[in-house]
Amino acid sequence: MPYCPRCDMEFVEGVTVCSDCGGPLLASEEEAKAMKAQMEKEMEERRKEAAVSVLGDRSPEELAEAAAKAQAQARAASPGVYVNRRQKYDDLKSSASAFYLVGGALALVSVLLWTGIVHLPMAASGRILTQSVLTVMGAAFLIIAVKSSKAQRRCPPASRRSRSAHRKSSAGSAIPIPAQGWIKKFSGRSRRFPGKS
C-alpha cells in the first residue's frame, strides 16, 4: 500500500500523492522506514565530519580550557556598565530627578482628585480605583527617587583635588583618607600630600 513518510499515513492503491502534505508516496511503509534510517545515518556522518573539521584533534579537556580562557578574556575586556564614578553619579542623579518629577506630579494629581478640586467624570467605583492607582504609583515613584538619591550620595564623583592627588601618587600605593587627604607610602615612611586637613 502507498505510504507517506511525512504524514505517517497509508493510502489505498492507485493514489500517488499525499492528500495532506502533497508529497510523493512510497511503495510501502517498510521502504519509508528504510529511507528514514538511511537519511538519519547520513546526517550523523555529516555531523561527525563537521565536528572533526571544527574541533580538529583536540580533546574535550583542551576545548573546555580554551573556552574558559576566552570567557576570562571577554570579561577582562569589557569595562562594565560605568567607565568611571562620574558616569555612575550622573546616571543616578538624572534617575532620581526624573522619578522625583513624575512622582511629585502623580502625588499632586492624586491630592487634587482626593480633595475633590478636580473631578473625574466616572462612576464612583471607577473614580476611586483610578485615584487609588495614581496614589500608589506616585508613592512608588517617590520611594524609587529617594532610593536613587541615597545611592547617588553613596557614590560621589571624585573631586578634582583627589583625582590629581591620585594621579600623582599612582607610582606608589595611594590610600584615600577623607579627613586628611591622600597619603603616599615610601618604604616604610609616609609623606602627606596637600589636601583637606
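The values are calculated or read from the model by the stated rules, or taken from the named source; none is laboratory data. Since the model is a prediction, treat every value here as computed from it, not as a measurement. For neighbour counting, all protein chains shown are included, and Cβ atoms are generated from backbone atoms with ideal geometry for every residue, glycine included.
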Problem - In segment 123-142, the residues that are among the aliphatic types (A, V, I, L, M), out of contact with any helix residue (DSSP H, G or I) (no Cβ under 8 Å at 6 or more places or on another chain) and in a helix (DSSP H, G or I) - result: ALA124, ILE128, LEU129, VAL133, VAL136
Exercise for the section: Would you confirm whether any residue within segment 32-42 is aliphatic (A, V, I, L, M), surrounded by 10 or more Cβ atoms within 10 Å (Cβ to Cβ), in a helix (DSSP H, G or I) and at pLDDT below 80? Expected result: no
Completion exercise
Of (1) modelled with pLDDT under 85; (2) assigned by TED's automatic domain parsing to the domain that holds ALA145; (3) of a type in the set (Lys, Arg), ARG58 fails just (2)
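So that you can scan it fast, the table gives a plain yes or no per residue for (1) of a type in the set (A, V, I, L, M); (2) modelled with pLDDT under 75:
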| position | (1), (2) |
| --- | --- |
| VAL109 | yes, no |
| LEU120 | yes, no |
| ALA124 | yes, no |
| ILE143 | yes, no |
| SER149 | no, no |
| ARG163 | no, yes |
| ALA174 | yes, yes |
